[in-house]
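Down below is the structure, laid out as structure tokens.
Only the coordinates and a few stated rules stand behind these numbers; no lab work does. As the structure is a computational prediction, the values presented were derived from the model and not from experiment. Virtual Cβ from ideal backbone geometry, glycine too; neighbours counted across all protein chains shown.
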Amino acid sequence: MINQLPRYLFNFVVFVLLQVLLLNNIQFSGYVNPYLYVLFIITLPFPTPKWLLLLLGMVTGITIDVFMNTFGLHAAATVFMAYMRPGVLTLIAPRDGYETGKLPVPAHYGYLWFIKYAVLMVLLHHLFLFIVEAFSFAMFWDTLWKSVVSSFFSILFILIVMLFARDDSRIV
Amino acid sequence: MRNFFRFIIRYHAFLLFLILETLCFYFIFNYSRYHNDVYKTTSNKVSGFIFENFSGIVQYFYLKDVNRELAAENAFLRSQMPSTFEQSRDYFRAAYDSMTLQGFKYRSARVINNSVNNHFNYLTLNKGALNGIRRDMGVISTRGVVGVVLNVSEHYATVISLLNTRLKISARLKDTGFFGSLEWDGRSYRYAWLDEIPAHAAPRVGDAVVTSGFSAIFPENILIGTIDEVILNEGEGFYDIRVLLSVDFKKLHYVEVIEKYFAPEQRELEKMSEDD
């Protein structure tokens, strides 16, 4: 696991910069903002301990918050997503479980599996994010619609980034 | 005791999750205090530096638009120069008359970070305390009102955008003079809502909405937008007016920060009256 550290550091920096410099400037009809940075948590290795997942979620979220002036909003959503990750992975586990040494990426488990996984994770993150952001159920359908549309675009961008994965063992 | 530790070890993930979420929500709710004390977010050194460099690159693609706007403003300012007016020498002006004190000072700044699609949108400017920018100064562009300065570090400042549900601005109908408060509803970045206009004000679609000049932030008569739709609330006696904002927040590059010289005095006096 330790030899994957440089790669994940690189991923972290690239995803955060992509998010704050490019994707935060993409606004279709004022509704949609794709959040690509969640891919960092999504692609962490299977045996990552739960506490590390949560702490990494916190760090990623706070970093995004610093750039977006949202203090804690993205951190809360990302920690929530990181907490749900083991559950989601068990829910969609292939018949023979996950092999050691493989990563949760399409190159290892196929696009169908990865899309299922990414959709669940991104939806959880976005629903939490937009509900906390609005912090009321007054415009519930608005919020719901916003999270669904944003999720769609986030997943689209996640898949595009996965196309740039260098080879079977590398992620970006 | 052993059972207690076993409990902690067994549920460590859930407990850590609860602790982190509590911390996050603490940040969210204590937002402004935390924000002032610890990190000034995009007005801090690291993120400000990154945004500054990146916007330096992006700026090149907008030079044409920016030039056109600056040229238009130059022409407007030239038309206000003393030389464009016919001089009449039949009046007398005392040198240090308080009537002729300068009331406002404008400083131009570049927008290095901006958003329009969150609930709470903020801008970051490339000037800060060293350039004389302070909290609660007004920010306008050539087209109209942009927002109010929130936090200032040495070289950067963050601005609460008009597109932030936390900001309310005192606004006035230019033709009839009725005033109310203008607020964004968190939806489209083109529109905001003007409330508290009484039922007998008879606003018409297309009327200009300008700043009232009541607050210690903006001068009078700065354009905010034009009326787009008028809805009369039955039984309340007030209109809800949808205002088409004159500033296109997606194309914001250069802004001016307004310093009102007597703002501290005005605030102090108003606070005194409130305390009484």
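Tabulated values for the structure
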{"read-out": "Size of charge dipole - the protein assembly as shown - debye, nearest 20, with Cβ of Lys, Arg +1 and Asp, Glu -1, no other charges", "value": "1840"}
{"read-out": "Span from the region B:110-163 Cα centroid across to the region B:223-247 one, whole angstrom", "value": "25"}
{"read-out": "Over chain B, volume per residue of the alpha carbon convex hull, in Å³", "value": "246"}
{"read-out": "Debye, to nearest 20: dipole size of chain A, +1 on Lys, Arg Cβ, -1 on Asp, Glu Cβ", "value": "240"}
{"read-out": "Cα shape, region B:171-223, gyration tensor, a/c 1.5 rule", "value": "oblate"}
{"read-out": "Residue exposure sequence - A:70, A:143, B:22 - by fewest surrounding Cβ within 10 Å", "value": "B:22, A:143, A:70"}
{"read-out": "Exercise: per-residue mean of other protein chain Cβ atoms within 10 Å, B:112-118", "value": "6"}
{"read-out": "Evaluated at q = 0.14, 0.21 Å⁻¹: base-10 log I(q)/I(0), Debye formula over Cα of region A:22-172", "value": "-0.68, -1.46"}
{"read-out": "Spatial extent of region B:189-271: Rg and Dmax, with the Cα atoms as the point set, Å", "value": "15.5, 44"}
{"read-out": "Peptide B:7-15, shielding by other chains (average Cβ, 10 Å cutoff)", "value": "2"}
{"read-out": "Listed pairs A:50/A:116; B:250/B:271; A:116/A:146; B:45/B:260 exceeding 25 Å between Cα atoms", "value": "B:250/B:271; B:45/B:260"}
{"read-out": "Kyte-Doolittle at least 1.6, axis length at least 20 Å by Cα - qualifying DSSP helices, chain A", "value": "A:50-68, A:111-134, A:140-163"}
{"read-out": "For A:84, A:139, order by how many other beta-carbon atoms lie within 10 Å, fewest first", "value": "A:139, A:84"}
{"read-out": "Per-residue average of Cβ from other chains inside 10 Å of B:52-60", "value": "1"}
{"read-out": "Compactness of the protein assembly as shown - radius of gyration and Dmax, Cα, Å", "value": "25.9, 98"}
{"read-out": "Relative packing of B:139-149, B:183-193, B:60-70, which averages over residues the other C-beta atoms within 10 Å, highest first", "value": "B:139-149, B:183-193, B:60-70"}
{"read-out": "Ordering of B:109-116, B:14-21 by packing [mean C-beta count within 10 Å, highest first]", "value": "B:109-116, B:14-21"}
{"read-out": "Positive dipole terminus of the protein assembly as shown, leading residue within B:139, A:56, A:68 (C-beta point charges)", "value": "A:56"}
